[in-house]
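The values are calculated or read from the model by the stated rules, or taken from the named source; none is laboratory data. These figures come from a predicted structure and were not determined experimentally. Please note: Cβ atoms are built from the backbone with ideal geometry, for glycine as well, and neighbour counts cover all protein chains shown. SASA here: full protein model, heavy atoms, side chains in, ligands and nucleic acids out. Shrake-Rupley method; radii C 1.70, N 1.55, O 1.52, S 1.80 Å.
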Amino acid sequence: MTRFRVAVVGTGHIAEEAHLPAFAAEAGRTELVAAVDIDAERADSFAVRHGIPAAYTDLDAMLRRERPDLVVLCSPPAAHLDAALSSLRSGAWVWLEKPPFLSLAEFDLVEAAERQGGPYASVIFQQRSGSGLRRLVRQLDSGELGRPLVAQAVTTWYRSPEYYAVPWRGRWDTEGGGTTLGHGIHQMDLLLAVLGPWAEVRAMAARLERDMDVEDVSTALVRFESGALATVVNSALSRREESYLRFDFSEASVELRHLYGYGDADWTYTPERLRAVDGAEVRSSHTALLPGLLDAMDRKERPPLSGRNGGREALELVTALYQAAFTGATVRPTDLLPDNPFYQRLHGGVPEWARC
Ligand SMILES: NC(=O)c1ccc[n+]([C@@H]2O[C@H](COP(=O)([O-])OP(=O)(O)OC[C@H]3O[C@@H](n4cnc5c(N)ncnc54)[C@H](O)[C@@H]3O)[C@@H](O)[C@H]2O)c1
């Protein structure tokens, strides 16, 4: 088994809280060799605090000197495209924070820079990693739960004016979108992980409270290829915060209530006798997601949550939601092609929304 040389780019909140524990848990297979941040003080202090031997403000210099096997992008979304392209071109695999990119156009540029057998870029949707989700998908595939009928994906979070005062937040050109892209994307991704491909989306979005360019609430109606219907609610204005998923199958209702991550106890089944309890509990987390990427690197195979294989689909649904909300149209997957302005930018150039 190879011990991979890893560089962390963007040494802020998520790098500290989620990535350091994930790499510590895989210390036998990974070695943190460099920290990169445009803020030299942050990069230095992160490297010193965590025993990382080198700190850089320049990604390309780091790539030339350190030759990492894996570059982890924890920088703001607008910085992901260039960093992912340079890293892939240098031969490094990329593990990048959600939202992966500012548009499907950016996603496709990066996918085109991947090479058969690696390097590949893989998106961090850590909520895919919990045992509760894996059991549900297996039960659904086995037919035990019947067929999917109705679902809800609710992300009712609270983000204060101070949260949006950070310069890169709340802007199309730096954050890429609002609460739909930045927060709701996790539950929307889980919806897709369970219900598979969607067929059409209708939606609304609004700026109700925060003084910013992007939306602070959105709602959508989604029809899936299976015929199942879902509602989606995304909010950055909800004082009682919750992430909630509900699936009504023909034989059972399955619900998940949590906030930023879940364990087995957060899932309820009605009737309870249909709850699967086999295997060890895995709480959803970056730490639980990382081994799958390292396994793929060992095998030189496309990793989970990359390309059309899971990495792109949540961004597709988010894009469809924005287009449906800003134009009033019903959006289908076949609409999301390069000649569609929403493929290029998530505000689609719609004047009421496109201020930067
Ligand atoms: N997976 C999750 O649940 C989750 C949770 C929170 C944040 N995130 C994502 O993680 C990313 C970072 O969020 P955060 O909360 O850690 O932000 P943050 O502001 O705390 O940290 C970002 C860091 O990146 C640095 N930076 C800015 N531009 C850079 C560039 N071009 N190159 C290198 N470094 C740069 C900043 O100086 C800062 O230190 C975002 O994409 C965000 O959406 C994911």
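So how many residues does the stretch 217-249 have that are of a type in the set (S, T, Y) and open to solvent by 40 Å² or more (accessible area, probe 1.4 Å)?
So the count comes out to 3.
Take the stretch 24-41 and flag every residue that is within 15 Å of the ligand (Cβ to nearest atom) and open to solvent by less than 70 Å² (accessible area, probe 1.4 Å).
Result: A34, A35, V36, D37, D39, A40.
Out of V194, V214, report the one residue that is more than 20 Å from R246 (Cβ to Cβ) and under 21 Å from the mean Cα position of the chain (by Cα).
Being more than 20 Å from R246 (Cβ to Cβ) and under 21 Å from the mean Cα position of the chain (by Cα) holds for just one of V194, V214, which is V214.
Do we have E242 as within 24 Å of T330 (Cβ to Cβ) and assigned to a strand (DSSP E or B) here?
When the stated conditions are applied, E242 does not pass them.
Go over the candidates L136, L109, L149 one by one and state the one that is open to solvent by 50 Å² or more (accessible area, probe 1.4 Å), in the same structural domain as D339 (by TED's automatic domain parsing) and more than 16 Å from the ligand (Cβ to nearest atom).
On inspection, the qualifying residue turns out to be L149.
Considering only the stretch 250-262, how many residues are away from the ligand (no atom under 16 Å from the Cβ), open to solvent by less than 10 Å² (accessible area, probe 1.4 Å) and assigned to a loop (DSSP other than H, G, I, E, B)?
Residues meeting the conditions: 1.
Search the stretch 95-106 for residues being open to solvent by less than 10 Å² (accessible area, probe 1.4 Å) and within 13 Å of the ligand (Cβ to nearest atom), and hand back the single one that is nearest to R3 (Cα to Cα).
Filtering the stretch 95-106 for residues that are open to solvent by less than 10 Å² (accessible area, probe 1.4 Å) and within 13 Å of the ligand (Cβ to nearest atom), the one nearest to R3 (Cα to Cα) comes out as W95.
Within the bounds of the stretch 68-77, is there any residue that is under 19 Å from R169 (Cα atoms), at pLDDT 95 or above and open to solvent by less than 10 Å² (accessible area, probe 1.4 Å)?
Yes, that holds for at least one residue.
In the list A55, A18, which residue meets the criterion of being open to solvent by 30 Å² or more (accessible area, probe 1.4 Å), within 15 Å of the ligand (Cβ to nearest atom) and in contact with a helix residue (DSSP H, G or I) (Cβ under 7 Å, 6 or more places away or on another chain)?
A55
Do you know which of the residues in the stretch 152-185 that are more than 12 Å from the ligand (Cβ to nearest atom) and among the charged types (D, E, K, R) is most open to solvent (accessible area, probe 1.4 Å)?
So, considering only residues that are more than 12 Å from the ligand (Cβ to nearest atom) and among the charged types (D, E, K, R), the one most open to solvent (accessible area, probe 1.4 Å) is E162.
Can you work out which of the residues in the stretch 304-338 that are at pLDDT below 95 and out of contact with any helix residue (DSSP H, G or I) (no Cβ under 7 Å at 6 or more places or on another chain) is surrounded by the fewest Cβ atoms within 10 Å (Cβ to Cβ)?
R308
Which of the residues that make up the stretch 263-276 are outside any strand (DSSP E or B) and touching a residue at least 12 places away in the same chain (Cβ under 8 Å)?
Across the stretch 263-276, the qualifying residues are G263, D264, D266, P271, L274, A276.
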